[in-house]
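What follows is a set of notes on a single structure, which appears directly below.
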Amino acid sequence: MALNPNVAYTKSPFTQVVRDGDSAVIWHSLFGYPKVVPVETLEFLESFSEPTAIHSRLGDKLTEKDREAIEELLRCYFLVPEDFNDRVFLEEQMREREKEIFSGSLIDYLELIMSEACNFRCTYCIHFNNLETSDRINNPKKFMRYDTAKETVDRYLEILRGHGKRVAEINFGGGEPLLAWPVIKQVLEYCCVAYGPEFEFRFSINTNASLITPEVAAMLKEYQVEIASSLDGLREGNDRVRLTKSGGGTFSQIMRGFDALTQAGYPLDGIAVTVTEKNFHELDESIVDWAVARGMKNVRIDIDVVGMVEVSVEDVVTKLMRIRRYAAAQGVDVPGFWSRPAENLNESTLESRVAFCGAVRGNSICVGPFGNIYGCGYSTTQLGSLSEIQSFHAPGTAYHRFVRDHLTGVMEMCKGCMIEGQCGGGCNITQEFARATKTAKIERMCDFYRRMTQEILREQLREVTAAESELLQTATERR
């Protein structure tokens, strides 16, 4: 958007601000474009609360520095012409983007739901809690057969081939996928033998690790299968929520799996921790110390904030930020769904497909044991079936509607939110479960994501300010 001296400009109503001291982070809640700015820039923007010509604020002769600063504010849509409608402009961009859905070109990730069953019964399990609100729980086929897996892989690779893609990402999910380990072995071997020369495979698995034996560990290492596994705190915290079917603790079983991977020379580089009311008070920096002792660099923490009615959002935010700072000092990253909106600020919705996850972005297809297709392995929304996988993304299909309805700016419940374009409704599975159970607690998730985004940005702003001060001090000392 070029600077026009004859146009009256106004501050966009979608400009958002997080301030700390004499600096602030600003971003456009639809388009992104985060910027660290001094308070003087905030004051300048406020002077355009009513439509105003640039020269009436700065005179007819702009310095080069002033011109560059104003053009940057225009480029990022913080200043817009008085007749500019941000939301209408976004809708025009999204209509163009919708065409990509029809072609299937967005698809690049396949999840094989190897098992609808699990040998654990975690108290918070979104897989089983969500499935119990749908027909998936009554599906007679609990485990994926090899012929179904093979056909799915073949058809998925045909889609990639049709769009000139050569990287194939295949995830084994569940339930507990290792309950179908013999089929996983066959799939790994088949992919590399039948398609190895044509595709670069990136395999991954989501497992509770309890069924990882030395043989399993060796094969996961051989095929470089990326492993995602969970430990919900140290023994006491984990065993409050992560249970066997008989109600016993699982810490020892999980640790045996982790140890098998380490002994195979293929140790985990991180874990995921799910926090509920039952183990929230057990969560502290000790889980970071445990991870560091095992050479891990990532401790993902996800919060069952919708169900944590007895714990305030403020208490959750305070504890997470404290642990995050502690971990960062030791070189450990602590992400979670709550950090996704802040992470999404790194890309603009006008330039990239920004979404909360690959499912709502249209990147993934998940096929269950019965051949049904979902956007996510935990979803109850069927998008098609294996028999129609080559055309399930056509106009008017369930897949098309699902992705379209999650494009930036479409969701009614999100309109006006400070992170509308960066969050886009949050986790779709949480939304599904909330609708199925008619819970009104979804607002807690929204409040939580907003608060975490503000605190993460404030923390990053302090880091930038501290780095600039240190640089200035170093330069002064050298004089």
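What is the gain in length, in nm to one decimal, between GLU100 and ASP269 on full extension, counting 0.36 nm per residue of separation less the C-alpha to C-alpha distance? Don't skip to the end; give the middle numbers.
Values: separation 169, 0.36 × 169 = 60.84 nm, distance 3.52 nm.
Here the answer is 57.3 nm.
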Using the basic label-point model (7 angstrom from Cα toward the beta carbon), what is the TYR326 to GLU64 distance in nanometres?
5.1
Which of the lysines could be linked to LYS65 by a straight reach, that is with a Cα gap under 25 Å, when you skip same-chain ones fewer than 8 residues away?
LYS11, LYS35
What are the residues whose amide H is under 5 Å from the amide H of CYS125, where those residues sit 5 or more places off or on another chain and H is modelled from the backbone?
none
What nm value, rounded to one decimal, do you get for the distance between LYS415 and GLU277 when each label is placed 7 Å out toward the C-beta?
3.5
By how many nm would the segment from SER387 to ALA218 lengthen if fully extended, with 0.36 nm per residue of separation less the alpha-carbon distance?
57.4 nm
Counting each pair of different Cα atoms once, what's the Kirkwood radius of segment 246-369 in Å, rounded to one decimal?
16.9
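Relative to the compact globular guide of 2.2 N^0.38 Å, what is the alpha carbon radius of gyration of segment 302-354, as a ratio? Walk me through the intermediate numbers first.
Details: Rg = 13.8 Å, N = 53, 2.2 N^0.38 = 9.9 Å.
Ratio of Rg to 2.2 N^0.38 Å for segment 302-354: 1.39.
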Taking R0 as 45 Å and r as the Cβ-Cβ distance between GLU46 and ASP154, the FRET efficiency 1/(1 + (r/R0)^6), rounded to the nearest 0.05, comes to 0.15
Hey, rough spin-label estimate for ALA228 and LYS245, points 7 angstrom out along Cα→Cβ, what's it come to in nanometres?
2.5
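Can you list which of the trypsin sites (Lys or Arg not before Pro) found in segment 38-106 are DSSP loop residues with at most 10 other C-beta atoms within 10 Å? Present the calculation step by step, with values, prior to reporting the outcome.
Working: sites: ARG57, LYS61, LYS65, ARG67, ARG75, ARG87, ARG95, ARG97, LYS99; in loops: LYS61.
Within segment 38-106, the qualifying trypsin sites (Lys or Arg not before Pro) (loop, at most 10 other Cβ atoms within 10 Å) are LYS61.
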Per-residue HN-Hα couplings for segment 317-331, Karplus 6.51 cos²θ - 1.76 cosθ + 1.60 at θ = phi - 60°, whole Hz, x for Gly and Pro?
4, 4, 5, 4, 5, 5, 5, 4, 5, 4, 5, 4, 5, 10, x
Aspartates and glutamates whose Cα lies under 12 Å from that of LYS221, excluding same-chain neighbours fewer than 8 positions away:
none
Sequence gap at least 6, Cα distance under 8 Å: using those rules, report the relative contact order of the chain to the nearest whole percent.
18
Check GLY384: other-chain or 5+ apart residues with amide H under 5 Å from its amide H, H built from backbone geometry?
ILE373
Once the convex hull of the C-alpha atoms of segment 8-84 is built, how many Å³ does it hold per residue, rounded to a whole number?
82
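Which FRET efficiency, nearest 0.05, do GLU189 and HIS163 yield, Cβ-Cβ r, R0 25 Å? Working shown, then result.
Details: r = 26 Å, r/R0 = 1.03.
Approximately 0.45, to the nearest 0.05.
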Relative contact order for segment 199-352: what is it in percent, counting Cα pairs under 8 Å that are at least 6 residues apart?
20
Greater than 29 Å separation of Cα atoms is the criterion. Which listed pairs, LYS185/LYS278; LYS99/LYS415; LYS278/LYS441; LYS415/LYS438, meet it?
LYS185/LYS278
For PHE143, other-chain or 5+-apart residues with amide H closer than 5 Å (H placed, Pro excluded) are GLU116
Long-range tail of P(r) for segment 398-455 (Cα pairs > 19 Å, %):
30
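Please compute the contact order of segment 8-84 in relative form: average sequence separation of alpha-carbon pairs under 8 Å and at least six residues apart, divided by the residue count, as a percent. Could the numbers behind the result be given before it?
On the way: 94 pairs, mean separation 32.4, N = 77.
The normalised contact order for segment 8-84 reaches 42 percent.
If the chain between ALA436 and ASP315 were fully stretched, how many nm would it gain, using 0.36 nm times the residue separation less the Cα-Cα distance?
Working: separation 121, 0.36 × 121 = 43.56 nm, distance 2.80 nm.
Result: 40.8 nm gained on full extension.
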Hey, fewest Cβ within 10 Å first, where do SER230, SER352 land in order?
SER352, SER230
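Counting DSSP beta bridges with both partners in segment 100-437, what percentage is antiparallel, nearest 5?
Numbers: 8 of 35 bridges.
If we restrict to bridges inside segment 100-437, about 25 percent are antiparallel.
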Could you pull out every Cys in the chain that lacks a partner Cys with its beta carbon under 4.7 Å away?
CYS76, CYS118, CYS191, CYS192, CYS357, CYS366, CYS376, CYS414, CYS417, CYS423, CYS427, CYS446
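In debye, nearest 20, what is the charge dipole magnitude of segment 1-119 about its Cα centre with +1 on Lys and Arg Cβ and -1 on Asp and Glu Cβ, if you could check? It would help to have the intermediate numbers written out before the result.
Numbers: 12 positive and 23 negative charges, 39 e Å.
In total the dipole reaches around 180 debye.
Semi-axes of the equivalent ellipsoid of segment 100-437: what are they in whole Å, largest first, if each equals the square root of 5 times a C-alpha gyration tensor eigenvalue? It would help to have the intermediate numbers written out before the result.
Numbers: eigenvalues 177, 137, 77 Å².
Rounded to whole Å, the semi-axes are 30, 26, 20.
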Checked against the positive end of the charge dipole of segment 23-109 (+1 on Cβ of Lys and Arg, -1 on Cβ of Asp and Glu, about the Cα centre), the farthest of PHE84, PRO51, TYR33 is TYR33
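Readers should treat all values here as calculations from the given coordinates under stated rules, not as data from a laboratory. All figures in this text were calculated on a predicted structure; none of them were measured in a lab. Positions of Cβ are backbone-derived with ideal geometry, glycine not excepted, and every protein chain shown enters the neighbour counts.
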